[in-house]
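First up is the structure itself, then whatever we jot down about it.
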Ligand SMILES: [Zn+2]
């Protein structure tokens, strides 16, 4: 069992399966909140108010499902937004309205939705027969939760919302210059910088290790020591690693499932994450495992050199030899 939380690819895949399931255009007929403490409110205790069914989108129609980093937002036509975090063990699944769920004490909130006729015509929307579906938020360990916002502007501006997050690592895709500018804002090493959600949203432990390996960048290197070519490689690696993981349906970390209840498949493609002590996929050297910023980090000491000085010296020697 991998001890990691869902990251950007898992949440992006979840977002896509929710859209495929026809929840965009669906009207929220009924909300049943079974545990009040899963609804979190940003801001001071005094600013907090009583949660109403409208805060949980009752009466509205879902017009968009958005994501920034690991944070998912259901946007309603009455401008209200409900942000969901899956934490360690959270899931959001679409079920038939007749499927039993009440005996499951880990289901903390349930929405009865009526899908639009357009959604029902889509062959992938299931179950096909009924316009009604139930959306279930389940979270045994309750590190996840629901955050109501009055509007998208509120979510984007609020420090308890997306204002504290950097740009998404995936959407729209970052270029090397933007990535460099973001990460140069910290003096911490590359591994910690990539995990800092204020600099870049969505990259967690698994994909940080995978992208650094694919780019040949040592996790302890300071951002200012990366060369132009390293930034280009890293940008490409991040994009590819995340894209492949989204396609594979995420990494199936812990209890992660998508809106259809399926587990992800990307775990079989991990090159370094979870492979400490095993031979490197590229060169056969034993992969190094260490702890950086309290997170287990796996890297190849040969493919991800700490210093480029030696290779630079070799390059110069080669250039001089050619010049002679
Ligand atoms: Zn290697």
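The values are calculated or read from the model by the stated rules, or taken from the named source; none is laboratory data. These numbers come from a predicted model, not from an experiment. Glycine gets a Cβ as well: all are built from the backbone with ideal geometry, and neighbour counts include every protein chain shown.
A few notes on this one:
- The set of residues in the stretch 196-230 being within 29 Å of residue 14 (Cα to Cα) and part of a helix (DSSP H, G or I) consists of 205, 206, 207, 208, 209, 210, 211, 212, 213, 214, 215.
- Subset tally (residues that are surrounded by fewer than 20 Cβ atoms within 10 Å (Cβ to Cβ) and touching a helix residue (DSSP H, G or I) at 6+ places or on another chain (Cβ under 7 Å)) for the stretch 80-96: 0
- Residue within the stretch 163-175 that is modelled with pLDDT of 95 or more and farther than 26 Å from residue 76 by Cα present: no
- Reported count of residues in the stretch 144-195, each being assigned to a loop (DSSP other than H, G, I, E, B) and under 26 Å from residue 241 (Cα atoms), is 17.
- Of the candidates 124, 128, the single residue that is under 25 Å from residue 245 (Cβ atoms), surrounded by fewer than 15 Cβ atoms within 10 Å (Cβ to Cβ) and modelled with pLDDT under 95 is 124.
- Residue within the stretch 257-271 that is within 16 Å of the ligand (Cβ to nearest atom) and at pLDDT below 95 present: yes
- Every listed requirement among (1) buried (at least 19 other Cβ atoms within 10 Å of the Cβ); (2) in a helix (DSSP H, G or I) is met by residue 54 save one, (1).
- Residue in the stretch 209-221 that is modelled with pLDDT of 95 or more, surrounded by 15 or more Cβ atoms within 10 Å (Cβ to Cβ) and farther than 25 Å from residue 242 by Cβ present: no
- Scanning the stretch 69-84 for residues that are modelled with pLDDT under 95 and over 17 Å from residue 25 (Cα atoms) turns up 69, 70, 71.
- Against the list (1) within 16 Å of the ligand (Cβ to nearest atom); (2) at pLDDT 90 or above, the condition residue 292 fails is (1).
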